[in-house]
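Before any comments, here is the structure.
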Amino acid sequence: MQALAAECDQKHSANGNAHRTPYMGRAIVASVICFSVVSLVASIGPQNDKRFSETAGPRLQRWPLAAGLHVASLALWTHIVGPSSQLGEHQPVLFDAGGSDWEIVTSYTLPRSFLDGTFEGVTHSWGADGKSHNLIFSGRDIIKRTKDFFPFEPEVVVHKAIPANFSSDLGGQYRHIGDISTIKYKGKEVLLTSVEEPTYTKPLMMMFSADSLAFQHWCELEQHHTSFLAGDGVGGGMWSVEFMDVTELLRYSFPSCAPLPPLPLLRGGKPVTLQGVQGAAVDRASEGRRLFITTNQIKSNGGDVFEVDTASGEILTAMDLVVGLGYAEMEGIEVWEAGGEQRMLVQANLPLFLSVLVDLRRPLPYLPPP
């Protein structure tokens, strides 16, 4: 595990400036064109979406402005890291850990083609001995395991990972894999994820082999729109939430998906509501006591990466991870410990062509506020 942390830092030092090439001219031209098209689409497109609460509604009504921020971010990003078709590691120029005790180690720029589209989830595959550190990524209908960190060389790739015979009487074919996690089951490591159909009202849990990524098992979840399933870190259950108006953590037994009592979310001992929850991961070293959650960058949340005590439901820390000039779609997250540090990977989808993977760390032992 110490080698994992050291290897990441060494590669960051060696390759950190490898992709600082001047592409500002073409980026500005592309920005003007993209902004014009996106603004036109936004002006004639739907302004309301029933999946979003009134709290998030004003953000949709300001979508043309958001599109402009996206395109400006893309222009600057292209100038910093070069063509969007490249896979590269670079200095964390556009990132800020929001005054938290987390330090950004580096970030990785990946083209959307890496996962056939948008990024959805990330987790480790620890292997039978619990010592390996392969990464597993999920896209909307693809699962990919890589041999290591950068350059993320594929080891096993499954396109069309959702079996074709899964469809809902409400909205058709299941098509959307969420954030992922691994858990031990019958002595073997398996991969868990939520899977959704177009109406986002009848999600499933699907289980895959963490080794071959082959489909193994499924069951129905008693909730609506969910973006993740996270193993509870002790082998007996799974955490989940709704996507919007989140006031509690939902929990299910594994592998039956039988509902367990929910856990109300608290902040300063008072009930709290989060919007746009996207991903989650349990720090295994905490024996299941620490759940980390990502949310979309919605101001009312007061952050976009949250650390939750799974015994009390209390939000212990909140981090505002600024990505791409402060407007990006946050996605999957993974947390682990290595080399005397706590490490975190956070995914974010940037406009049009790029996704990023941000690598953070903080020292151990970490004692959260009382």
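The values are calculated or read from the model by the stated rules, or taken from the named source; none is laboratory data. Worth saying up front: this structure is predicted, and the values here are computed from it rather than measured. Please note: Cβ atoms are built from the backbone with ideal geometry, for glycine as well, and neighbour counts cover all protein chains shown. SASA here: full protein model, heavy atoms, side chains in, ligands and nucleic acids out. Shrake-Rupley method; radii C 1.70, N 1.55, O 1.52, S 1.80 Å.
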- Item | Unique residue being crowded, with 22+ Cβ neighbours inside 10 Å and either free of Cβ contacts under 8 Å to residues at least 12 places away in the same chain or in a strand (DSSP E or B) (or both) when the list is 331, 337 | 331
- Item | Any chance residue 114 is open to solvent by less than 30 Å² (accessible area, probe 1.4 Å), at pLDDT 90 or above, more than 17 Å from residue 178 (Cβ to Cβ) and out of contact with any His (no Cβ under 6 Å at 6 or more places or on another chain) | yes
- Query: Hey, among the residues in the range 346-364 that are open to solvent by less than 10 Å² (accessible area, probe 1.4 Å) and either more than 17 Å from the chain's Cα centre (by Cα) or of a type in the set (Val, Ile, Thr) (or both), which one's nearest to residue 180 (Cα to Cα)?
  - Reply: 346
- Task: Return the only residue of 148, 129 being more than 19 Å from residue 234 (Cα to Cα) and at pLDDT below 90.
- Result: 148
- Message: Please go through the range 181-240 and give me each residue that is aromatic (Phe, Trp, Tyr), farther than 17 Å from residue 162 by Cα and more than 19 Å from the chain's Cα centre (by Cα), ordered by number.
- Response: 185
- Within the range 228-265, residues being assigned to a strand (DSSP E or B) and either among the charged types (D, E, K, R) or surrounded by fewer than 17 Cβ atoms within 10 Å (Cβ to Cβ) (or both) number 8
- Task: Would you mention how many residues in the range 207-227 are of a type in the set (D, E, K, R), assigned to a loop (DSSP other than H, G, I, E, B) and surrounded by fewer than 15 Cβ atoms within 10 Å (Cβ to Cβ)?
- Result: 1
